[in-house]
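Enquirer: I am attaching a structure below and will ask some questions about it afterwards.
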Amino acid sequence: MEDNARDKAMKLWYRQPADEWVEALPIGNGRLGGMVYGGIKREQIALNEETLWSGTKREAEREEPLRYLEESRQLIFEGRYSEAQTVIEEHMLGPAGNAFQAMGDLDLVMNHSSTVEDYRRELDLRTGIFRADYEANGIRYKREVFASAVDQVMVVRLEVDRPGALGLEAALTSRLQYSIRKSGIDKLVLGGEAPSLLDHEKEFSQDTVIYEQNKGIRFQVHLLAIPEGGQVEAHGGRLVVQRANAVTLLLSAATSFNGFDRDPALEGMDPRPRCEGWLEAAAKRGYAELKERHMADIAPFFDRVSLELDAPSRDHLPTDERIAMVRAGESDERLTELFFQFGRYLMISASRPGTQATTLQGIWNNMTKPPWSCNYTTNINTQMNYWPAEVCNLAEFHEPLFELLEDLRIAGARMAKAYYDCRGWAAHHNIDLWRNTSPSQGSASWAFWPMGGVWLCQHLWEHYAYGGDRDFLRDKAYPIMKEAALFCLDYLVEDGEGNLVSVPSTSPENTFIVEDGQRSAVSMSSTMDIALMRELFANCIEAARILEEDVSFSDELQAALKRLLPLRIGRHGQLQEWYRDFDEAEPGHRHTAHLYPLHPGNQITVRGTPELAKAARVSLDRRRVYEGEDTIGWCYSWNISMYARLEDAETAHAYLTKLLGNPFPNLFNAHRHPKITFYPLTIEANFAASAGIAELLMQSHAGELHLLPALPSAWPSGRISGIRARGGYELDLAWKDGRLESASIRASQTARCLVRTSAAIAVDGAEWEKVEEDVIAFHAEAGGSYIIRGM
């Protein structure tokens, strides 16, 4: 595909404005987010700022839970699981967390009629620019909106093709407590505060949003209008633009948040100077320069990776129509290209170095009490947000997660000591801006799970595995990993049979049934606990070896590794989810936590552990047979990668097709949950789908570069460039008629490179040898480039 055709294809576009928030189009600069509706008479841009959350810095951790830890353990050892769960839920849980907040809206009311012709709105993924244009009363109207990371402002540009024909009113509003004032004739300032407390007893009731004086985060939004021709005046909380040729609106926003351990009211930063400084600097540059700087910033990140599938194009059809056609059973493989790149675009827009990590909805939210508080849900969702970071060549966008881990290392250490009397640090299922790491109020099936930090540590190791940065390993990754491993060592207890077991233990959000009819979520050493600790201990041992330090600690980990329970196969031939072969209360449960060692872990592989891989397949297939309506969205995304790891291309592709038919019209993915009456956005499905598509085309988790490991038959020919692999490689692949045609491998480290492919191949640029069926090896030099040719 030629470059201009590819650029044209990388757009979401529509023939009508968005009717609701989940149809609007997302823009963001990592800190400031907007959902642009593209309205005709009234344009609405829903606004977010990443640090606008409810609550304030946390109080000291509770003392009660530790007093009941041993009682809960004893009940579990006696097989009284439901009683242990009752003890946990009554005595061992902490306070509820806080919620990411909707900041407000920028509303524009145009002075033309509501009847227009030739309407189009679009989002250009390569440039991050929203556009809407149409004709009203013989006048062409053009609108562009983007959020600039380099200039830290949101920019709205409106133009007409008839001089003096542009007129509009601009206003700022908020769902939170706020006031608005004018600043001169061309500027509005909205000042507000977030709630200090949300009563979670009535999850979706707004009367439980509580404000307290001198508590909570303060925020400001500044809006400046710069007309070309005509005039602008501030009237009654609005900016009125009349008889202009064009106008540029610049918006800045900031909060008083000054760190998770500081009071935002008493120790907070003043948002005003930052808002004023950003606006003043941006106004001096003018629209053309702001746009050029924005595009020069975002396009190089986006262009690192391209995916092209040789399939019929439907780019001439609006995106919502294409989604509807897939939902109706038609094929549109080129929509996969757009979906893949949309996930990468969302990461560029939501997770910039120096910003907060992405929430359940990235940096976009339109509610005061959003589903699951729009927080960091660390029993799968937060991790999924970052699955594409390394493989999809956006490694620096992984950094906000690592900064979150630095905070959790501090906050989680206090919690680990208070709740469990353990060294190191830990985190449970829900984390918020204030770094809540304690188990939240609710069912122990999801609330009580102290392995969240252990899973998050995998991302530190993956960043090292892909990039090989020893400074990062020494200074950032290993200290955090080591302290998480210390928690695990202390949390493990003897089971009386020579084993070390984690007690209490859950398999996130799932429950089991025992012989006497008990239904419980709590037992000991769930398969996920075992897999996570095995992985963390092994990674710490390897890190210590690389860094040539901590020999005695490595020995301690090695000894503990030998005493962890093994992964086990149950009576159905499935991978057991719990330490005993309990009956599943929900055989089709949306979570597949016990399959972590298959993906995203690497302890189960098709060739290295074939019996366990077979058992994992049985577990997946059983889930599929009993699949419920809440197995949707992010569940589909995870299934893509798991079936890809099993090299089942067609089932993986079937889940990708389901996913392509599932999203809202803006490609955000929908989830269904039995406790929620509407379909909420869960953005992790988008991120994980991008990673899953890459997993179908290349895998590197088993110590080799496996090219086209799970190529769907629907993609007989195509190419991908710029994807990354563990070991410090960057690859371009091309295939034709289902067979590898060529691969370019660029090495950043010197090492022996193993390549697996079913095609007959030769290597240009290095001597190579065949080491086993379908595997060749060659010596790769740092900075070297090697071409593999299909024969």
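Enquirer: Residues to consider are 625, 606, 618; find the one that is over 27 Å from the mean Cα position of the chain (by Cα), modelled with pLDDT of 95 or more, more than 25 Å from residue 536 (Cβ to Cβ) and aliphatic (A, V, I, L, M).
Expert: On the way: 625 fails: modelled with pLDDT of 95 or more; 606 fails: more than 25 Å from residue 536 (Cβ to Cβ).
The unique qualifying residue is 618.
Enquirer: Ok, one more. Pick out, from segment 274-358, the helices (runs of 4 or more DSSP H) lying fully within it that include 1 or more residues that are more than 28 Å from the chain's Cα centre (by Cα) and surrounded by fewer than 21 Cβ atoms within 10 Å (Cβ to Cβ).
Expert: 287-302
Matching residues to (1) over 24 Å from the mean Cα position of the chain (by Cα); (2) assigned to a loop (DSSP other than H, G, I, E, B):
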site	(1), (2)
44	yes, no
48	no, no
57	yes, yes
60	yes, yes
85	yes, no
89	yes, no
97	no, yes
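Enquirer: Any idea how many residues of segment 780-791 are buried (at least 18 other Cβ atoms within 10 Å of the Cβ) and either among the small types (Gly, Ala, Ser) or in a loop (DSSP other than H, G, I, E, B) (or both)?
Expert: Of the residues in segment 780-791, the ones buried (at least 18 other Cβ atoms within 10 Å of the Cβ) are 780, 786, 788.
Cutting the leftovers down to either among the small types (Gly, Ala, Ser) or in a loop (DSSP other than H, G, I, E, B) (or both) gives us 780.
Count: 1.
Enquirer: Next question, about the same structure. Which one is most open to solvent (accessible area, probe 1.4 Å), of the residues in segment 577-619 that are of a type in the set (A, V, I, L, M, F, W, C) and touching a helix residue (DSSP H, G or I) at 6+ places or on another chain (Cβ under 6 Å)? Before you say what the answer is, go through the steps one by one.
Expert: Of segment 577-619, the ones of a type in the set (A, V, I, L, M, F, W, C) are 578, 582, 585, 593, 595, 598, 604, 606, 612-613, 615-616, 618.
Filter again for touching a helix residue (DSSP H, G or I) at 6+ places or on another chain (Cβ under 6 Å), leaving 593, 595, 598, 604, 606, 616.
Details: 593: 3, 595: 1, 598: 2, 604: 1, 606: 49, 616: 0 Å².
My answer is 606.
Enquirer: For residues in segment 692-722 being open to solvent by 10 Å² or more (accessible area, probe 1.4 Å) and among the aliphatic types (A, V, I, L, M), which is farthest from residue 604 (Cα to Cα)?
Expert: The extreme case among them is 714.
Enquirer: Residue by residue through segment 78-137, note down the ones that are among the β-branched types (Val, Ile, Thr) and farther than 30 Å from residue 208 by Cα.
Expert: Hits for segment 78-137 are 109, 115, 116, 127, 129.
Enquirer: Give me the residue from segment 204-231 that is open to solvent by 80 Å² or more (accessible area, probe 1.4 Å) and either of a type outside the set (Lys, Arg) or at pLDDT 95 or above (or both) and, out of that set, farthest from the chain's Cα centre (by Cα).
Expert: Initial filter on segment 204-231 (open to solvent by 80 Å² or more (accessible area, probe 1.4 Å)): 204, 206-207, 213-215, 218, 228.
Checking which are either of a type outside the set (Lys, Arg) or at pLDDT 95 or above (or both) leaves us with 204, 206-207, 213-214, 218, 228.
Values: 204: 24, 206: 27, 207: 30, 213: 34, 214: 33, 218: 27, 228: 40 Å.
Among those residues, the one meeting the criterion is 228.
Enquirer: Any idea which residue in segment 12-42 is least open to solvent (accessible area, probe 1.4 Å), counting only those that are in contact with a Gly (Cβ under 7 Å, 6 or more places away or on another chain) and part of a loop (DSSP other than H, G, I, E, B)?
Expert: Here the residue is 18.
Enquirer: Assess whether residue 266 counts as being touching a helix residue (DSSP H, G or I) at 6+ places or on another chain (Cβ under 7 Å), free of Cβ contacts under 8 Å to residues at least 60 places away in the same chain and of a type in the set (A, V, I, L, M). Quick ask: steps written out before the conclusion?
Expert: On the way: touching a helix residue (DSSP H, G or I) at 6+ places or on another chain (Cβ under 7 Å): no; free of Cβ contacts under 8 Å to residues at least 60 places away in the same chain: yes; of a type in the set (A, V, I, L, M): yes.
Here the answer is no, as residue 266 does not meet what is asked.
Enquirer: Considering (1) within 22 Å of residue 635 (Cβ to Cβ); (2) open to solvent by 10 Å² or more (accessible area, probe 1.4 Å); (3) among the aromatic types (Phe, Trp, Tyr), say which one residue 386 fails and leave the rest.
Expert: (2)
Enquirer: If a residue counts only when it is farther than 30 Å from residue 302 by Cβ, which strands (runs of 3 or more DSSP E) contained entirely in segment 119-186 have at least 3 such residues?
Expert: On the way: elements: 129-136, 139-148, 153-160, 166-173, 177-182.
Those strands (runs of 3 or more DSSP E) span 166-173, 177-182.
Enquirer: Identify, by number, the condition in (1) in contact with a helix residue (DSSP H, G or I) (Cβ under 7 Å, 6 or more places away or on another chain); (2) open to solvent by 50 Å² or more (accessible area, probe 1.4 Å); (3) under 20 Å from residue 502 (Cβ atoms) that residue 559 doesn't meet.
Expert: Status for residue 559: all satisfied but (1).
Enquirer: Hey, another quick one. Suppose we keep only residues that are modelled with pLDDT of 95 or more and among the small types (Gly, Ala, Ser) within segment 650-672. Which one would you say is most open to solvent (accessible area, probe 1.4 Å)?
Expert: Once the filter is applied, the top-ranked residue is 654.
Enquirer: Looking at this structure, is residue 549 in a loop (DSSP other than H, G, I, E, B), farther than 28 Å from residue 87 by Cβ and of a type outside the set (S, T, N, Q)? Break it down into steps so the answer makes sense when it comes.
Expert: Details: in a loop (DSSP other than H, G, I, E, B): yes; farther than 28 Å from residue 87 by Cβ: yes; of a type outside the set (S, T, N, Q): yes.
Yes, satisfied.
Enquirer: Within the bounds of segment 727-737, is there any residue that is outside any loop (DSSP other than H, G, I, E, B), open to solvent by less than 10 Å² (accessible area, probe 1.4 Å) and in contact (Cβ under 8 Å) with a residue 60 or more places away in the chain?
Expert: Looking for residues that are outside any loop (DSSP other than H, G, I, E, B), open to solvent by less than 10 Å² (accessible area, probe 1.4 Å) and in contact (Cβ under 8 Å) with a residue 60 or more places away in the chain, one finds none in segment 727-737, hence no.
Enquirer: Quick one: which residue in 407, 421 is surrounded by fewer than 22 Cβ atoms within 10 Å (Cβ to Cβ), more than 22 Å from residue 473 (Cβ to Cβ) and not aliphatic (A, V, I, L, M)? Walk me through it before giving the result.
Expert: Numbers: 407 fails: more than 22 Å from residue 473 (Cβ to Cβ).
The unique qualifying residue is 421.
Enquirer: I'd like to know if segment 403-420 contains one or more residues that are in a loop (DSSP other than H, G, I, E, B) and not hydrophobic (A, V, I, L, M, F, W, C).
Expert: Just the residues of segment 403-420 that are in a loop (DSSP other than H, G, I, E, B), to begin with: none.
No, that holds for no residue.
Enquirer: Being without any contact (Cβ under 8 Å) to a residue 24 or more places away in the chain and either surrounded by fewer than 12 Cβ atoms within 10 Å (Cβ to Cβ) or touching a Lys or Arg at 6+ places or on another chain (Cβ under 9 Å) (or both) is the filter here, so list the residues in segment 759-774 that pass it. Walk me through how you get there before you give the answer.
Expert: Taking segment 759-774 and keeping what is without any contact (Cβ under 8 Å) to a residue 24 or more places away in the chain, we get 765-774.
Result: 767, 769, 770, 772, 773, 774.
Enquirer: Only one of these is more than 25 Å from residue 440 (Cα to Cα), surrounded by 16 or more Cβ atoms within 10 Å (Cβ to Cβ) and β-branched (Val, Ile, Thr): 115, 127. Name it.
Expert: Numbers: 115 fails: surrounded by 16 or more Cβ atoms within 10 Å (Cβ to Cβ).
One residue alone meets the criteria, 127.
Enquirer: Of all residues being touching a Leu at 6+ places or on another chain (Cβ under 6 Å) and open to solvent by 10 Å² or more (accessible area, probe 1.4 Å) in segment 484-529, which is farthest from residue 456 (Cα to Cα)? Just the residue, please.
Expert: Going through the qualifying residues, I end up with 499.
Enquirer: Same structure again: Looking at 433, 405, 486, can you tell me which residue is in contact with a helix residue (DSSP H, G or I) (Cβ under 7 Å, 6 or more places away or on another chain), modelled with pLDDT of 95 or more and hydrophobic (A, V, I, L, M, F, W, C)?
Expert: On the way: 433 fails: in contact with a helix residue (DSSP H, G or I) (Cβ under 7 Å, 6 or more places away or on another chain); 486 fails: in contact with a helix residue (DSSP H, G or I) (Cβ under 7 Å, 6 or more places away or on another chain).
On inspection, the qualifying residue turns out to be 405.
Enquirer: When the residues of segment 420-475 are narrowed to those that are hydroxyl-bearing (Ser, Thr, Tyr) and more than 24 Å from residue 57 (Cα to Cα), which ends up farthest from the chain's Cα centre (by Cα)?
Expert: Taking segment 420-475 and keeping what is hydroxyl-bearing (Ser, Thr, Tyr), we get 420, 437-438, 440, 443, 445, 464, 466.
Checking the rest, the ones that are also more than 24 Å from residue 57 (Cα to Cα) come to 443, 445, 464, 466.
Details: 443: 24, 445: 23, 464: 19, 466: 19 Å.
Selected residue: 443.
Enquirer: Any idea which residue in segment 359-375 is most open to solvent (accessible area, probe 1.4 Å), counting only those that are part of a loop (DSSP other than H, G, I, E, B) and farther than 14 Å from residue 34 by Cβ?
Expert: Of all residues in segment 359-375, those part of a loop (DSSP other than H, G, I, E, B) come to 360-361, 363-370, 375.
From what's left, farther than 14 Å from residue 34 by Cβ: 360, 367-370, 375.
Numbers: 360: 11, 367: 57, 368: 10, 369: 9, 370: 5, 375: 7 Å².
Applying the filter and picking the extreme gives 367.
Enquirer: Moving on to the next point. Output the number of the condition that residue 777 fails; it satisfies all remaining conditions of (1) in contact (Cβ under 8 Å) with a residue 24 or more places away in the chain; (2) open to solvent by 20 Å² or more (accessible area, probe 1.4 Å); (3) farther than 22 Å from residue 461 by Cβ.
Expert: It is condition (2) that residue 777 fails.
Enquirer: Quick check on my filter: what residues within segment 52-80 are touching a residue at least 12 places away in the same chain (Cβ under 8 Å), among the polar types (S, T, N, Q) and open to solvent by 40 Å² or more (accessible area, probe 1.4 Å)?
Expert: Residues satisfying the conditions do not exist here.
Enquirer: So, in segment 448-458, exactly how many residues are crowded, with 22+ Cβ neighbours inside 10 Å and assigned to a helix (DSSP H, G or I)? Step through it out loud before you land on a result.
Expert: Filtering segment 448-458 for residues crowded, with 22+ Cβ neighbours inside 10 Å gives 448-457.
So of that shortlist, the ones also assigned to a helix (DSSP H, G or I) come out as 452-457.
So the count comes out to 6.
The values are calculated or read from the model by the stated rules, or taken from the named source; none is laboratory data. All figures in this text were calculated on a predicted structure; none of them were measured in a lab. Virtual Cβ from ideal backbone geometry, glycine too; neighbours counted across all protein chains shown. Ligands, DNA and RNA are excluded from the accessible area calculation, which covers all protein heavy atoms including side chains. Shrake-Rupley method; radii C 1.70, N 1.55, O 1.52, S 1.80 Å.
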